[in-house]
1. Find all pairs meeting these conditions: Cβ atoms under 9 angstrom apart; at least six residues apart or on different chains; first residue within the stretch 208-228 and under 26 Å from residue 139 (Cα atoms) and part of a loop (DSSP other than H, G, I, E, B); second residue among the acidic types (Asp, Glu) and open to solvent by 50 Å² or more (accessible area, probe 1.4 Å).
2. Do we have residue 238 as at pLDDT below 75, part of a loop (DSSP other than H, G, I, E, B) and surrounded by 13 or more Cβ atoms within 10 Å (Cβ to Cβ) here?
3. Restricting the search to the stretch 159-188, which residues are in a helix (DSSP H, G or I), at pLDDT below 85 and open to solvent by 30 Å² or more (accessible area, probe 1.4 Å)?
4. Grab the helices (runs of 4 or more DSSP H) fully contained in the stretch 242-300, keeping just those with 3 or more residues being among the aromatic types (Phe, Trp, Tyr) and either touching a Cys at 6+ places or on another chain (Cβ under 7 Å) or crowded, with 17+ Cβ neighbours inside 10 Å (or both).
5. Could you grab me the full set of residues in the stretch 76-98 that are surrounded by 16 or more Cβ atoms within 10 Å (Cβ to Cβ) and free of Cβ contacts under 8 Å to residues at least 12 places away in the same chain?
6. Hey, could you check the stretch 125-152 for residues that are assigned to a helix (DSSP H, G or I) and over 27 Å from the mean Cα position of the chain (by Cα) and say which is nearest to residue 198 (Cα to Cα)?
7. Sort out which residues of the stretch 1-28 are modelled with pLDDT under 70 and either closer than 20 Å to residue 302 by Cα or open to solvent by less than 90 Å² (accessible area, probe 1.4 Å) (or both), and write them in order of number.
8. Within the stretch 82-89, is there a residue that is over 17 Å from residue 22 (Cβ atoms), at pLDDT 75 or above and assigned to a helix (DSSP H, G or I)?
Amino acid sequence: MLQIRRIGVRLAGLAATILVIATINFILVHSAPGDPASVMAGQSGATDEKFLAEVRAEYGLDQPYIVQLGTYLGKVVQFDLGYSFRQRRDVADLIMERLWPTLLLTLTSFTLALAGGIFLGALAGRRAGRWSDTLISMGALLLYATPVFWLGLMLVLVFSIQLGWLPAFGYASIRADSFTTWHYITDVASHLVLPAVSLAAIYMAVYTRLMRSSIIEVSHEDHVKTARAKGLTEGRILRRHMLRNASLPVITFAGLQAGAMIGGAVVVETVFAWPGLGRLTYDAVLQRDYPVLLGLFLVMSVLVILVNLLTDLIYRMIDPRLAAR
């Protein structure tokens, strides 16, 4: 019974958090310069005041600010994200079309950055002061200082144009509809490599540096010294006694940076013409499509919350003390 009550309290907290986020998003989007009615009128070739008034009345833009906010929050509670001014389609349909590519890109990059950072950081920490540690540390510092869009363009130049190993842009080939299932999966995977590496590189550099410091710190703790005194091999000590403790700060920091990674996907998707939420956000900003922007910000916020819950689950799997509680 107590466990059910805790779950209920947590779900209520998540719902309240989402409503607060939706309110903040509405205030920020409507505080931005630009009038969506003027944009739509300009696209229709008419800019007189009468037509502008008709457009504002049609989409509720003539209502008081607080009324618009209340209407929007009421729709959010009903899982209605509104209607796109520009696309003439439901916002939920537009987002669902682009959601899977963004999830695929973000989760792949997150996994690659976390696994690569833990591996390279552990390797550097165990060989602190040696040439391999210096090489990994310099590489991590170089990646961290590299702009993600420049790295993406360089990867395209080398692996797509010069070597011809990987496709440069897009989600799949033009003839992907005629492919078999396995051929389609491999085609999407080949298109995913460059954007996933570009997005993961900076975060992998951060996790590598953090993991290196954690390994060095953990290596001097008493339980590690005791394991060495028992005659255990260095590999077994690393796997059984050091990795779990050293990786906890990395996983915590990775969960905090999940939102930044989802935001960084906007740049990567633009560089690689990846048809995800980032490209849709970029187009919606240019078109002043408020309902699409609000829907995108809300969905991205929910994704950040879900990624943090996933991080918390991974944290509990690694740390048995939390699992016991």
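The values are calculated or read from the model by the stated rules, or taken from the named source; none is laboratory data. Just so it is clear, the structure is predicted and the values come from calculations on it, not from any experiment. So basically every Cβ, Gly included, is an ideal-geometry build from the backbone, and we count neighbours across all protein chains shown. What goes into the accessible areas is simple: the full protein's heavy atoms, side chains included, and nothing from ligands, DNA or RNA. Shrake-Rupley method; radii C 1.70, N 1.55, O 1.52, S 1.80 Å.
1. Within 9 Å, no pair qualifies.
2. no
3. 161, 162, 177, 178, 181, 182, 183, 184, 185, 186
4. Answer list for the stretch 242-300: none.
5. 90
6. 135
7. Passing the criteria: only 7.
8. no
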